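Data block below; observations after.
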Amino acid sequence: MFLEYLRPKLQKFLVHNYVIRFHNEQYKVCLAIVPQDLILVVDFAENYTFQEFNEIQKMHWHSFQISILVHICYKWNPNFVANPNCGEKKLLTKYHYYISDDNEHDTLFVQHCFQLHWSHLTIRGFYLNEHFVWSDGCMVQFKSRLAWYHVA
């Protein structure tokens, strides 16, 4: 009975595990051969709730939540020299956080954040030839027709 229950779940788990390992290997390859451009890793943090630890009764019905989009940017270090004593890193890492009181994690918010990031880069004189974006692949945020429209 246990094996009957486990069989369909085990098949899905094996496929999921294979895909995760493949993505992990591709991510490592991407970081190893990073071009002169950017690699971005983006994901939403779960809705953050501002809540008192020991709340009083009337505060139980009041909750305020925000959405946080975490945006990690890897860029090739132009001053990197392949000298182990140098102390400089091959990749520079920058963290960007976008905070909104809108709890919908939709593609419009993601595209708005990407536009802000693009403006941030161009103001500093950095223009991209290629733009690698790694995400969790959420359908609503990154795989819908609106996201492809924005890329086009």
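Descriptive notes on the structure:
- One residue from Leu6, Leu31 being assigned to a helix (DSSP H, G or I) and within 20 Å of Pro78 (Cα to Cα): Leu31
- Any hit, the stretch 32-53, residues being over 20 Å from Phe114 (Cα atoms), at pLDDT 85 or above and exposed (fewer than 11 other Cβ atoms within 10 Å of the Cβ): no
- Listed by first and then second residue, the pairs with beta-carbon distance under 6 Å, at least 6 apart or on different chains, first residue in the stretch 95-116 and over 14 Å from Asn47 (Cβ atoms), second among the small types (Gly, Ala, Ser), are Thr107/Ser144; Thr107/Ala147.
- Of all the listed residues (Val140, Val133, Val110), the sole one being at pLDDT 80 or above and surrounded by 13 or more Cβ atoms within 10 Å (Cβ to Cβ) is Val110.
- Taken over the stretch 3-33, the residue count meeting the criterion of being without any contact (Cβ under 8 Å) to a residue 60 or more places away in the chain and under 19 Å from the mean Cα position of the chain (by Cα) is 11.
- Subset of the stretch 78-102 (residues that are modelled with pLDDT of 75 or more and of a type outside the set (D, E, K, R)): Leu91, Leu92, Thr93, Tyr95, His96, Tyr97, Tyr98, Ile99, Ser100
The values are calculated or read from the model by the stated rules, or taken from the named source; none is laboratory data. Just so you know, these numbers come straight off a predicted model, no measurement behind them. Neighbour counts run over all protein chains shown; Cβ positions are idealised from the backbone, glycine included.
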